[in-house]
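Below: one structure, written as structure tokens.
The values are calculated or read from the model by the stated rules, or taken from the named source; none is laboratory data. Quick caveat: nothing in here was measured; it's all calculated off a predicted structure. Glycine also receives a Cβ, built like all others from the backbone with ideal geometry; neighbour counts cover every protein chain displayed. Just the protein is used for accessible areas: all its heavy atoms, side chains included, with ligands, DNA and RNA removed. Shrake-Rupley method; radii C 1.70, N 1.55, O 1.52, S 1.80 Å.
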Amino acid sequence: MIGVGLLGSGFIGDCYADALLDVRNAKLAACYSRDAQRASAFSAKWGPDVRAYTDMDALCADPTVNVVVIAVPNEVHLEAVRIVARHGKAVICTKPLARTEPEAAEMLKAVLDAGIWHGYAESSVFSPNIAKAYQMVQAGGIGKLLTMRAREAHSGPHAPHFWNAETAGGGALLDMGCHTVESARHFFGKDNPVVEVMAWGSTMVHGDKTTGEDASIALLKFAGGELATIESSWIEKGGMQLRHELVGSGGRIVTDTSVGPVWGFVEKPVGYTVEKADAETGWVYPVPEETRAYGFSQQMRHFIDCYAKGEAPAETFEDGVIVNRIIDACYRSMKTKMWEKVAVS
């Protein structure tokens, strides 16, 4: 049984702990929060044998921990990776890998120098509807893929640290656009790099909370001439929105994670319905089994299976570096209001 240590006790930490329940050859062995009460509560929630730590170094030193999953705020990712690397443990880091490409490159160097297995936790490419759409595209169902439009939107982050653009590294584009940038690379091919970007961003609603953009649009041009439009928003109420539209020379495919098999009008609250829901009554659109619908379970199974076999996963720190590189170029474009080149390494 592969022991997993989880750094972070917030929303995404809960998602990963839940996802691990679907992985037959792994178990959550330890968790970390800098707050002792939160660490204890998280441990109690996810199992009697989950050890609680308030020190990242101590968790990584735990001999029962084989793989460390990083689910702490963006500004702590580099420090966490350095600690994991020092202990020689395998590591999975949540998205975005880092706040900037240079910081992501430092993280990649740390795992390569330590010779440790590494995975980039980009859940969107593992979600069932994206996986099915990808299979259809690969089978030639819509001919040559030409364009992709993807949007991820909700009314704003669930934790205060997201709103501080200076420490988090950016706003909605970094937080949410990292998902759809990587799904674009996934569909158009990682051997077909993004070479130019144009992006716009604005703080339209949440100027009292953040200096970062709460809405953005980015246009990515690939070496093969294909185009992807990436929309990221913290200004849309009504719960999570996650949609992809793929257009090919012989057809099109649409995926919409937020449109599930259940919806209804309720007069009384019925409890949790969907991530970032803004209302408990009226029309509600719950997403059943969110952990699985968003691809967290499938992602964690893939990572643990690859680690067990000694194989590189489909998403590694190298992918995270490239995503940060593309987003950095988008932020430059927001400032220059011009097309920006993306280095191809």
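The residue of the stretch 246-276 that is surrounded by the most Cβ atoms within 10 Å (Cβ to Cβ), among those that are in contact with a Phe, Trp or Tyr (Cβ under 9 Å, 6 or more places away or on another chain), within 28 Å of Ala228 (Cβ to Cβ) and small (Gly, Ala, Ser), is Ser258. Within the stretch 277-314, the residues that satisfy the criterion of being part of a loop (DSSP other than H, G, I, E, B), crowded, with 16+ Cβ neighbours inside 10 Å and either in contact with a helix residue (DSSP H, G or I) (Cβ under 7 Å, 6 or more places away or on another chain) or of a type in the set (S, T, N, Q) (or both) are Val287, Tyr294, Gly295, Pro313, Ala314. Taking the stretch 135-246 and the strands (runs of 3 or more DSSP E) fully enclosed by it, the elements with 1 or more residues that are of a type in the set (D, E, K, R), within 26 Å of Tyr285 (Cβ to Cβ) and out of contact with any Pro (no Cβ under 9 Å at 6 or more places or on another chain) are at 145-153, 227-233. Look at the stretch 76-97: where a residue is free of Cβ contacts under 8 Å to residues at least 24 places away in the same chain and a partner is assigned to a helix (DSSP H, G or I), sitting 6+ places away or on another chain with Cβ atoms under 8 Å, you get Glu79/Met56. Quick one: what pairs do we get from the stretch 214-227, first residue within 24 Å of Trp163 (Cα to Cα) and touching a residue at least 24 places away in the same chain (Cβ under 8 Å), second assigned to a loop (DSSP other than H, G, I, E, B) and open to solvent by 40 Å² or more (accessible area, probe 1.4 Å), C-beta under 6 Å, 6+ apart or different chains? Close Cβ pairs satisfying both conditions: Asp214/Thr203; Asp214/Met204; Asp214/Val205; Asp214/Ile235; Ala215/Met204; Ala215/Ile235.
All of Ala105, Ala19, Ala52, Ala61 fail the test of being over 30 Å from Val342 (Cβ atoms), out of contact with any strand residue (DSSP E or B) (no Cβ under 7 Å at 6 or more places or on another chain) and open to solvent by 20 Å² or more (accessible area, probe 1.4 Å), apart from Ala61. The residue of the stretch 321-345 that is farthest from Thr180 (Cα to Cα), among those that are part of a helix (DSSP H, G or I) and of a type in the set (Lys, Arg), is Lys335.
Yes or no: Thr210 closer than 23 Å to Ala71 by Cβ, crowded, with 21+ Cβ neighbours inside 10 Å, at pLDDT 95 or above and not aromatic (Phe, Trp, Tyr)? Criteria met by Thr210.
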